[in-house]
């Protein structure tokens, strides 16, 4: 269980959000196939191909603190980490152009604005 937890933390560091989330969904189906005795099924083989592809860059070190039945991550690093401190901070040394976020926020919120506008119009009727 501890190794699985550490591996998952490396995945969080080296996989993009969508791939990580989809892998979680696939893990459930994979376990169902194995439990049902469908080890040699084409679907299980296809899932293996997906998992093998996602694991190519899942490599690194995870430091864990084990105390009274709890497992806490105290550090993790990977040469394939997708985390870049200069993009994630708001310091003078960051490389992210903060002005870019305004356009992103505007575009990302358009569906919610449309929903709100439509619902308010319906409520007035």
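We did not get these values from a lab; they are worked out from the coordinates using the rules stated. Worth saying up front: this structure is predicted, and the values here are computed from it rather than measured. No Cβ is skipped: glycine too gets one built from the backbone with ideal geometry, and neighbour counts run over all protein chains shown.
Structure notes:
- Gain upon complete extension [residue 84, residue 32; 0.36 nm per residue less C-alpha separation]: 15.1 nm
- Between the Cα long axis of helix 17-35 and the first principal axis of the chain there is an angle of about 40°, rounded to the nearest 10.
- Residue exposure proxy: 19, 14, ordered by other Cβ atoms within 10 angstrom of their Cβ from fewest to most, comes out as 19, 14.
- Sorted by Cβ density within 10 Å, fewest first, the residues 5, 30: 5, 30
- Residues 57, 22 in ascending order of nearby Cβ atoms (within 10 Å, fewest first): 22, 57.
- Taking max minus min of the alpha-carbon positions on each principal axis, the stretch 2-83 gives extents of 39, 31, 17 Å, largest first.
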